[in-house]
Amino acid sequence: MFFIFMLYLPMSYKLPTMIVENGIGTTSTAAMVAGFSTLVGIPIGVTFGFFFKKLRDKIFPLGFFLVTLGFLLTAFSQNLVILLLSMVITGIGFGFAVPYMYNWLGWAAPQNSVNLATTLVLVMVNVGCFVSPTVMGALSAFFGSEASNTLLVSAIGFALITIYALVHYVRVHNIHK
């Protein structure tokens, strides 16, 4: 969860700059776009149980694939329509991925340690958010100073998580055959 939130947070602090740099709109546009993503993610999170019953463990790689796709579209957006589409995709993906990760925590942690494990994960989420500007700034410096480069680095990070999720899904389901 540390890496997930470290990679996701640039959507909050780089999106306004990217929108202005790319001539898509103003910082007010960024507030509207970010709010749009949240509005999409909330009903997905609320209906996570329904989707999980249908998709089961496929929701893990699917969620991160959608987040990766959303971040790629965001990084390369040149107009408001594509940017809003990227927010819908990102919101759906994050609404699938994060609840699944918390479920996974509940499955993986020893029964008598679930509360401790949850506390540690929440602390790591906050640490990931705290270090995100520094770490992501250092990583994106290799690509240039534009805000979209930080979102591209996030997309690459989420692509690596997606690959892990796919490998994990295949490995687990091959073991249980």
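Details
- Degrees, to the nearest 10: 59-76 long Cα axis against longest axis of the chain: 10 degrees
- Structure remark: mean-square fluctuation, Gaussian network model of the chain, C-alpha springs under 10 Å; the largest value among Ala117, Ala75, Ala165 belongs to Ala117.
- Efficiency of FRET between Asn174 and Leu122 - r from beta-carbon atoms, R0 25 angstrom, step 0.05: 0.15
- Relative contact order [Cα under 8 Å, 6+ residues apart], segment 1-175, whole percent: 37 percent
- Each of Ile24, Val167, Phe130 was scored by the projection of its Cα onto the charge dipole of the chain, and the greatest displacement toward the positive side belongs to Val167; charges sit on the C-beta of Lys, Arg, Asp and Glu.
- Of Gly137, Gly93, Gly70, the one that fluctuates the most in a GNM where the chain has Cα springs shorter than 10 Å: Gly137
- In this calculation the C-beta distance from Leu80 to Cys129 is compared with R0 = 25 Å, giving a FRET efficiency of 0.40.
- Cα-only radius of gyration and Dmax that characterise the chain, units Å: 16.6, 53
- Calculated mean residue ellipticity at 222 nm for the chain: -28000 deg cm²/dmol, from DSSP H runs with n ≥ 4 weighted as -39500 (n - 2.57), summed, divided by the residue count and rounded to 500.
- Only Lys, Arg (+1) and Asp, Glu (-1) charged, at Cβ; the chain dipole about Cα centre in debye: 620 debye
- The angle separating the long axis of helix 114-140 from the principal Cα axis of greatest extent in the chain is about 30 degrees.
- Under the Karplus curve 6.51 cos²θ - 1.76 cosθ + 1.60, θ = phi - 60°, whole-Hz ³J(HN,Hα) for segment 165-174, x wherever Gly or Pro sits: 4, 5, 4, 4, 4, 5, 4, 5, 7, 6
- The angle between the Cα long axis of helix 80-108 and the main principal axis of the chain comes to about 20°, on a 0 to 90 degree scale.
Any read-out appearing in this document is the output of simple, stated calculations on the displayed coordinates, not a laboratory observation. Just so you know, these numbers come straight off a predicted model, no measurement behind them. Here the Cβ is made from the backbone with ideal geometry for all residues, glycine too, and neighbour counts use every protein chain on show.
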